[in-house]
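S.K.: I'd like to ask you about the structure that follows.
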């Protein structure tokens, strides 16, 4: 019965399964909960907010405090949680790299929600443009800002008591 209902939107299920960690069952839940017409969500942020993967706002006396995520669609959040856990275990993907970066700063649970939001954002763009997922790779941020990675590595070596002098390798 589910197969018959989802048949007109099989293209969307196939499109969403190109995201690492998203199985056919999770893609069917995503299509069932948000639909395939992304015009109802003006931006990917609106979709993420509706789904409950954005942080709540708690501001008091001009100080913004960390708080729980907003309430959202429980079925969608559950399916995205399964997909985010699967994506976190993939090798050399953007989503696995995102999970590792956020886990180091904020812990595993917040990292799962961050990966869920990244998946929803990617899904919104994919369904809006009818294009499959294009993974930027696990080293996306390293390639984007190599100076940060270099400064971090140098700082680590200096904190271990090493004097480091860099000389660039000439391009071949």
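S.K.: Over 13 Å from residue 123 (Cβ atoms), within 20 Å of the chain's Cα centre (by Cα) and part of a loop (DSSP other than H, G, I, E, B) - does that describe any residue in the stretch 2-22?
M.R.: Within the stretch 2-22, not a single residue is over 13 Å from residue 123 (Cβ atoms), within 20 Å of the chain's Cα centre (by Cα) and part of a loop (DSSP other than H, G, I, E, B).
S.K.: Here's something else I'd like to know. Output the residues belonging to the stretch 139-164 that are outside any helix (DSSP H, G or I) and under 17 Å from residue 92 (Cα atoms).
M.R.: Answer for the stretch 139-164, where residues must be outside any helix (DSSP H, G or I) and under 17 Å from residue 92 (Cα atoms): just 139.
S.K.: Between a residue in the stretch 16-35 that is without any contact (Cβ under 8 Å) to a residue 24 or more places away in the chain and any residue that is assigned to a helix (DSSP H, G or I), which pairs come within a Cβ distance under 6 Å, given they are 6 or more apart or on different chains?
M.R.: Hits for this filter: 17/24; 17/27; 27/13; 27/16.
Quick note: the coordinates plus some simple rules give every number you see, no bench work behind them. This one's a predicted model, so the numbers in the text were calculated from it and none came from an experiment. Neighbour counts are summed over all protein chains in view; Cβ atoms, including those assigned to glycine, are modelled from backbone coordinates with ideal geometry.
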